[in-house]
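S.K.: Take a look at the following structure, please.
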Amino acid sequence: MKTFKIKALAAATAASLNLALLAAAPAAAAPAAADPAPVPEFDLANTCPALPPEGDPATWSCMVMAVAGGSMQLGGLTQEITSPIKIVAQFGPPEGGGVDEIKDIKMISDPMKIPGGVLGLVGLPTIPGLEDVPGFKVEVASEYAGNFSFALPNAQVSMRVRIVNLLLGNECYLGGGDDPIDFNMVADMSTLKLVSPGDPADPLGSPMIIGATAADDGFTVPESDCGFWSPLIDWQAGLPSPSGENHATFETFIAIGDYSRTGGAAAKAAPGPITDPRTVRIG
């Protein structure tokens with residue numbers, strides 16, 4: 001089985017101390033990792049969008065979800081996640097009340113290099129040193145494609161993976177705008193942990209951080225959209241790949257903070273920082 005590294009999103013769930021969390025169905029077992037993913041750096045004060053004039057600091061919050069490690073099987077291709085990919089979601093209740101809705105969302109990620117470059121991508125024997133040569137170098141970058149929702153123990157997100165190469169151009173994708181890869185991640189309760197309780201006096205500067213491993217084996221992977229290269233990529237990767245033939249595990253960390261300490265008259269009436277992740281519902 002050929003391997004290449006791509007970024008992928010997904011989501012996870014987490015717990016705070018002394019909380020009885022998540023009566024959830026067991027997730028698919030995740031393969032043991034030699035080294036756990038390090039906790040990524042979170043700086044919500046500078047990463048989250050500023051509260052807009054219409055925003056209510058008493059009810060609006062920000063979540064940064066970071067996939068810091070794990071692996072994914074996409075048809076016949078297997079990849080490891082070696083660089084964090086983050087979803088930054090500002091959320092609050094809709095006008096008239098109800099389940100929180102997304103007010104602003106973005107994805108932050110660094111391109112990841114595919115070992116072997118073009119040769120590794122299409123499953124041919126690789127040549128040492130060529131993977132960094134222009135024209136041979138291949139990187140992949142995740143792009144947000146909508147449908148983000150979060151309610152412990154599930155998180156859903158749609159994404160597509162752009163394959164970046166000088167010869168392939170800028171429009172080569174796994175998953176398209178009309179046919180993205182849809183993930184429905186379910187947390188493994190046994191991995192739930194509180195990483196940091198945060199500072200209630202500074203919920204954005206020092207947010208609560210929680211973490212877990214999540215899994216999904218029900219998603220489908222569409223055929224590639226890479227022009228001339230599509231038949232070769234699809235043949236090598238076994239694409240399109242139906243549900244049940246793909247599997248993903250994600251070592252995920254979530255930082256949650258609210259705007260209740262950002263000042264203003266409305267903030268004085270704020271209920272205070274989020275302390276129970278079970279209460280967070282988005283979408």
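The values are calculated or read from the model by the stated rules, or taken from the named source; none is laboratory data. All values derive from a computational prediction rather than experimental measurement. Using ideal geometry, Cβ is built from the backbone for each residue, glycine included, and neighbour counts are taken over all protein chains shown.
S.K.: Residues of the range 89-106 being free of Cβ contacts under 8 Å to residues at least 24 places away in the same chain and touching a strand residue (DSSP E or B) at 6+ places or on another chain (Cβ under 7 Å), which ones?
M.R.: PRO94
S.K.: When you scan the range 237-252, do you find a residue that is over 30 Å from ALA58 (Cβ atoms), crowded, with 18+ Cβ neighbours inside 10 Å and modelled with pLDDT under 90, even just one?
M.R.: Within the range 237-252, one or more residues are over 30 Å from ALA58 (Cβ atoms), crowded, with 18+ Cβ neighbours inside 10 Å and modelled with pLDDT under 90.
S.K.: Residues to consider are ASP217, ASP188; find the one that is of a type in the set (Asp, Glu), in contact with a Pro (Cβ under 8 Å, 6 or more places away or on another chain) and in contact (Cβ under 8 Å) with a residue 60 or more places away in the chain. Talk me through it step by step, then tell me what you get.
M.R.: Working: ASP217 fails: in contact with a Pro (Cβ under 8 Å, 6 or more places away or on another chain).
The match here is ASP188.
S.K.: Just name the residue that is modelled with the highest pLDDT out of those in the range 106-162 that are of a type in the set (Gly, Ala, Ser), under 15 Å from LEU77 (Cβ atoms) and part of a loop (DSSP other than H, G, I, E, B).
M.R.: GLY116
S.K.: Can you confirm whether the range 150-166 contains a residue that is more than 25 Å from SER71 (Cα to Cα) and not aromatic (Phe, Trp, Tyr)?
M.R.: yes
S.K.: What do you reckon, is GLY55 at pLDDT 85 or above, over 20 Å from the mean Cα position of the chain (by Cα) and not in a strand (DSSP E or B)?
M.R.: Details: at pLDDT 85 or above: yes; over 20 Å from the mean Cα position of the chain (by Cα): yes; not in a strand (DSSP E or B): yes.
In short, yes.
S.K.: Out of the residues in the range 84-105 that are surrounded by fewer than 16 Cβ atoms within 10 Å (Cβ to Cβ) and in a loop (DSSP other than H, G, I, E, B), which is farthest from the chain's Cα centre (by Cα)?
M.R.: GLY96
S.K.: Additional query: Is one or more of the residues making up the range 154-172 touching a Lys or Arg at 6+ places or on another chain (Cβ under 6 Å) and buried (at least 22 other Cβ atoms within 10 Å of the Cβ)?
M.R.: Residues of the range 154-172 that are touching a Lys or Arg at 6+ places or on another chain (Cβ under 6 Å), as a first pass: none.
Among the residues of the range 154-172, not one is touching a Lys or Arg at 6+ places or on another chain (Cβ under 6 Å) and buried (at least 22 other Cβ atoms within 10 Å of the Cβ), which makes the answer no.
S.K.: Moving to a separate point now. Looking at the range 117-138, is at least one residue charged (D, E, K, R) and either under 25 Å from PRO36 (Cβ atoms) or within 20 Å of the chain's Cα centre (by Cα) (or both)? Steps first, answer last, please.
M.R.: Going through the range 117-138, the residues charged (D, E, K, R) turn out to be 131-132, 137.
Among the residues that remain, those that are also either under 25 Å from PRO36 (Cβ atoms) or within 20 Å of the chain's Cα centre (by Cα) (or both) are: none.
The answer is no; no qualifying residue exists.
S.K.: Taking the conditions exactly as written (farther than 17 Å from ILE254 by Cα, touching a residue at least 24 places away in the same chain (Cβ under 8 Å) and of a type in the set (Ser, Thr, Tyr)), does SER109 satisfy them or not?
M.R.: no
S.K.: For the range 163-199, how many residues meet the condition of being farther than 15 Å from ILE254 by Cα, assigned to a strand (DSSP E or B) and over 18 Å from the mean Cα position of the chain (by Cα)?
M.R.: Final tally of qualifying residues: 3.
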